[in-house]
Structures are given as structure tokens and as C-alpha cells.
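S.K.: Got a structure here, written out as C-alpha cells. Questions coming.
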Amino acid sequence: MSSLVDPSLAPLFSPVKLGAFSLPNRVLMAPLTRSRANEQTAPHDLHVDYYRQRATAGLIVSEGSQISREAVGYIRTPGIYSPEQVAGWKEVTTAVHAAGGRIACQLWHVGRISHTDLQPNGQAPVAPSAIAAPGKAFTPEGPKDLSTPRALSLHDIARVIGDWEHAAQCAVEAGFDGVQIHGANGYIIDQFLRDGANQRTDMYGGSPENRARFLREVTEAVAGVWGGDRVSVRMSPQNGAFNRMQDSDPATTFRAAVNAINGLGVAYLEGVEMGGPAEHSLHAMLRETFDGPYVANGAFTAQLGAQWIRDGKADAISFGQPFISNPDLPERFRRGAPLAEPDRDTYYAGDAKGYTDYPALD
Ligand SMILES: Cc1cc2nc3c(=O)[nH]c(=O)nc-3n(C[C@H](O)[C@H](O)[C@H](O)COP(=O)(O)O)c2cc1C
């Protein structure tokens, strides 16, 4: 570890406690889907190298990992529900720990962002309501329109919450330090939260509080396995940012969403605004409403992140794309070294190229 070249970046390098996570710095690695799992949708040797190389992050949050067979929406994403997947992740967590790092597993259910070709027995994907999302799924045969989902019954909802709990338990067995609940980017929890995707008339639909009930019950189930202080929750309140999610009143909806997880002792809330703090940014509302630490994400530079921590707008910053091409990102910030640009053509799928071949400085 070298000394800090730009003293204004010091806030990024003061240790912090987020729930039970004791972190040596505030440069977190954001979850990044890279679609390189094997045929069993398990991580393997390539993932061991990739995550080990990034062990100097204050905390790594893994790529989204589907909690069940039906939770999948993309090819080659890893799961966290089968013995093969647990064994693969165990190798990853062991390597990260041996390198002095910490890693949480991002638990993911895509809901309607899927296709019948990707689903067990070719069935329809599940969602709060039978409303198809605009956009394409990446199937083995190439891009196809996202399928119209089947609305979950109350019985199905209880079963899906059980799947979150089972995956949380698998993450314990795989040796993770904690988990993140993927509540962002238009996937199943976000689908429940927003009136553009949730038109239910039962206790999971209607008012913002009812739409937040699924998030609350998932968080309770996962916290029941881990303790709230090893669970974080990710939200992305903007409209249209990803998977073209829409809500008629995001500020009210997401205030209710945060209130739904308050009181559960969650380690931290992470707010995402893709492309940088949005014009009507809801970062401040999320931070002020939540009863624990706050992590901000979206196009942050080291300078802006340090300033946000200094100004009390966030307790830590997570970086996504900069970690793809800079495995030693905290050290580069410390030294004021230039950042390598990531190659977008190798973001998803492929092999070691554009994955484990970005060099560290030394
Ligand atoms: C290749 C790629 C994969 C991503 N995969 C995930 C994911 O699995 N889960 C998630 O919550 N966000 C995912 N995101 C969003 C990032 O975590 C992050 O929010 C976004 O890149 C903005 O941060 P950045 O500007 O620092 O990259 C992904 C983004 C990219 C570019």
C-alpha cells in the first residue's frame, strides 16, 4: 500500500463499519454481471482469478446470482441455489479471503426480464402482474422479445420468498461474508415496487406500502438467515434508467420502499443512479429516509466520491465499470495513477479476455 498522493481523497481511505462489515476503505466493488458461468451455471476457475484480483476493494459485491432455476433471465449467469454452484462460489470466497478481501453475494430474481426459452419446461417467467416489459432477452438463439410473464399467486409469492431464503442459506455455505438483495434495475423486487409493473389488487399491490410488502418480506427472510447487519439492499429509483422501469411517483414509492426495510437492522442501503446523480436525484431522500449507512453508486469518480463522503451524502461509494478494467482500483486512486478504459465488447460472455487479463499496476 502506498501513501496517498491527493490528500483530498482521504475520505475514501478511512475505515468504516457498515453493519457487521468492517471495511478497510470505502471503495466498494459494485455487482457486475459478466456471463461466464459454466454449463451448470456455476462459477469456476476464471471467477476465482477475477474476484481474487479485486480483493483490495473495501467490499466486493458479486455479480447478480439467480436464487432459483426460474430466477434466470440471461445466459451464463451464475446461480446460488445448487450444490455445484455453492462449491464453485466456495472456491471464490476462499481465494478472496486468502487475499485479505471481503465478498458479499448479490441475490437476484429477474422476474419478467426473461424468456420462455430460458425458463424450466419453457414456462412463462413470473412477475407481480402479467405485463411484458419492453426489450429483448438474450436467449441461446439470440435476442428475442421479453416474454409476457405469469402473475404470481399468493401461494407462489410465499414459495418465491422461500427461494430467497434458500439462496441466502446457500450463500452461508459458500463462505460469503454477507449478501445483497438486488432490489434495483427492473428485476422482481423493482417490479413489485412500481405501479408500471405491479397492478395487483391484493395486499402486494395498490398503495406504495403494499407494493413494498414483497421487498419487506424478502428482506425479513434473508435477514432471518444472516442477521440484518450482513444484508444490504440495492435500489434504483429513477424512471427508465434500466429495463425501462416506470412509476408514476418514484419519490413516494421509494420512500415507502425504504421505510419498509427500516427497523430490520440492514447493514446498508445502496442507491444507484446510472450515469451519475440524476437531475431530480433521489440519493438524498434515500439517505435521509433510511435508518442505517448509505452507499452511493453511478458514474462516480474518486474525487466526487471523496467529496460526497466528506459532505456526509454517503458513507461509501461503489464503483462498477472502473473495477472491470482496474483490478487494483483503490491503489490507483491512492497513487493518482491513470485508469485503464474497459472494453465494452467483452463485458458479457467470453473467456479470460476482457475479464482476468487487465493488469494491476505492479
Ligand atoms: C457489465 C455490467 C454488468 C452489471 N451487472 C449488474 C448486476 O449484476 N447487478 C446489479 O445490481 N447491477 C449491475 N450493473 C450495474 C452496476 O452495478 C452499476 O450500478 C453501474 O455500472 C453504474 O456504476 P458505474 O458507473 O460505477 O459503472 C452492471 C453494470 C455493467 C456495466
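The values are calculated or read from the model by the stated rules, or taken from the named source; none is laboratory data. Source: prediction; values computed, not measured. For neighbour counting, all protein chains shown are included, and Cβ atoms are generated from backbone atoms with ideal geometry for every residue, glycine included. Remember, those area values only see protein heavy atoms, side chains included, never the ligands or the DNA or RNA. Shrake-Rupley method; radii C 1.70, N 1.55, O 1.52, S 1.80 Å.
S.K.: Do we find that Asp343 is within 13 Å of the ligand (Cβ to nearest atom), at pLDDT 95 or above and surrounded by fewer than 16 Cβ atoms within 10 Å (Cβ to Cβ) in this structure?
M.R.: yes
S.K.: Taking the condition in a loop (DSSP other than H, G, I, E, B), in contact (Cβ under 8 Å) with a residue 24 or more places away in the chain and open to solvent by less than 30 Å² (accessible area, probe 1.4 Å), does Ala360 pass?
M.R.: Judged against the criteria, Ala360 is not a match.
S.K.: Taking the stretch 320-331 as the region of interest, how many residues are more than 13 Å from the ligand (Cβ to nearest atom) and either crowded, with 21+ Cβ neighbours inside 10 Å or of a type in the set (A, V, I, L, M, F, W, C) (or both)?
M.R.: Counting residues in the stretch 320-331 that are more than 13 Å from the ligand (Cβ to nearest atom) and either crowded, with 21+ Cβ neighbours inside 10 Å or of a type in the set (A, V, I, L, M, F, W, C) (or both) gives 3.
S.K.: Which of the residues spanning the stretch 53-64 are open to solvent by less than 20 Å² (accessible area, probe 1.4 Å), assigned to a loop (DSSP other than H, G, I, E, B) and either of a type outside the set (A, V, I, L, M, F, W, C) or touching a Phe, Trp or Tyr at 6+ places or on another chain (Cβ under 9 Å) (or both)?
M.R.: Arg54, Ala57, Gly58, Leu59
S.K.: Which number in (1) surrounded by 24 or more Cβ atoms within 10 Å (Cβ to Cβ); (2) outside any helix (DSSP H, G or I) marks the one condition that Trp164 misses?
M.R.: The single condition Trp164 does not satisfy is (2).
S.K.: Within the stretch 240-271, can you find the residues that are modelled with pLDDT of 95 or more, open to solvent by less than 50 Å² (accessible area, probe 1.4 Å) and farther than 15 Å from Leu215 by Cβ?
M.R.: If the condition is that a residue be modelled with pLDDT of 95 or more, open to solvent by less than 50 Å² (accessible area, probe 1.4 Å) and farther than 15 Å from Leu215 by Cβ, then Ala251, Gly265, Ala267, Tyr268 are the ones that fit.
Conditions tested, residue by residue: (1) away from the ligand (no atom under 16 Å from the Cβ); (2) without any contact (Cβ under 8 Å) to a residue 40 or more places away in the chain; (3) of a type in the set (Gly, Ala, Ser); (4) touching a strand residue (DSSP E or B) at 6+ places or on another chain (Cβ under 8 Å).
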site: Gly271; (1), (2), (3), (4): no, yes, yes, yes
site: Leu282; (1), (2), (3), (4): no, no, no, yes
site: Ser318; (1), (2), (3), (4): no, no, yes, yes
site: Phe333; (1), (2), (3), (4): no, no, no, yes
site: Tyr355; (1), (2), (3), (4): no, no, no, no
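S.K.: If you take the residues in the stretch 167-193 that are among the small types (Gly, Ala, Ser) and away from the ligand (no atom under 16 Å from the Cβ), which one is most open to solvent (accessible area, probe 1.4 Å)?
M.R.: Checked the stretch 167-193; the qualifying residue most open to solvent (accessible area, probe 1.4 Å) is Gly175.
S.K.: Additional query: Output yes when any residue across the stretch 38-52 is within 18 Å of the chain's Cα centre (by Cα), touching a residue at least 24 places away in the same chain (Cβ under 8 Å), open to solvent by less than 10 Å² (accessible area, probe 1.4 Å) and within 28 Å of Gly265 (Cα to Cα), and no when none is.
M.R.: Yes - at least one qualifying residue is present in the stretch 38-52.
S.K.: So which strands (runs of 3 or more DSSP E) stay within the stretch 66-157 end to end and still have 2 or more residues that are without any contact (Cβ under 8 Å) to a residue 40 or more places away in the chain and open to solvent by 10 Å² or more (accessible area, probe 1.4 Å)?
M.R.: Of the strands (runs of 3 or more DSSP E) lying wholly inside the stretch 66-157, those with at least 2 residues that are without any contact (Cβ under 8 Å) to a residue 40 or more places away in the chain and open to solvent by 10 Å² or more (accessible area, probe 1.4 Å) span 142-145.
S.K.: Output the number of residues of the stretch 331-362 satisfying the condition of being farther than 18 Å from Leu12 by Cβ and charged (D, E, K, R).
M.R.: 8
S.K.: What are the residues in the stretch 288-312 that are more than 16 Å from the ligand (Cβ to nearest atom), open to solvent by 60 Å² or more (accessible area, probe 1.4 Å) and free of Cβ contacts under 8 Å to residues at least 40 places away in the same chain, if any?
M.R.: Passing the criteria: Glu288, Asp291, Asp311.
S.K.: Looking at this structure, is Pro237 farther than 18 Å from Arg150 by Cβ, within 15 Å of the ligand (Cβ to nearest atom) and either touching a residue at least 24 places away in the same chain (Cβ under 8 Å) or surrounded by fewer than 18 Cβ atoms within 10 Å (Cβ to Cβ) (or both)?
M.R.: Yes: the conditions hold for Pro237.
S.K.: Could you list all residues from the stretch 335-353 that are under 18 Å from Ala302 (Cβ atoms) and touching a residue at least 24 places away in the same chain (Cβ under 8 Å)?
M.R.: Answer for the stretch 335-353, where residues must be under 18 Å from Ala302 (Cβ atoms) and touching a residue at least 24 places away in the same chain (Cβ under 8 Å): Arg335, Gly336, Ala337.
S.K.: Is it fair to say Arg211 is in contact (Cβ under 8 Å) with a residue 12 or more places away in the chain, open to solvent by less than 40 Å² (accessible area, probe 1.4 Å) and within 15 Å of the ligand (Cβ to nearest atom)?
M.R.: no
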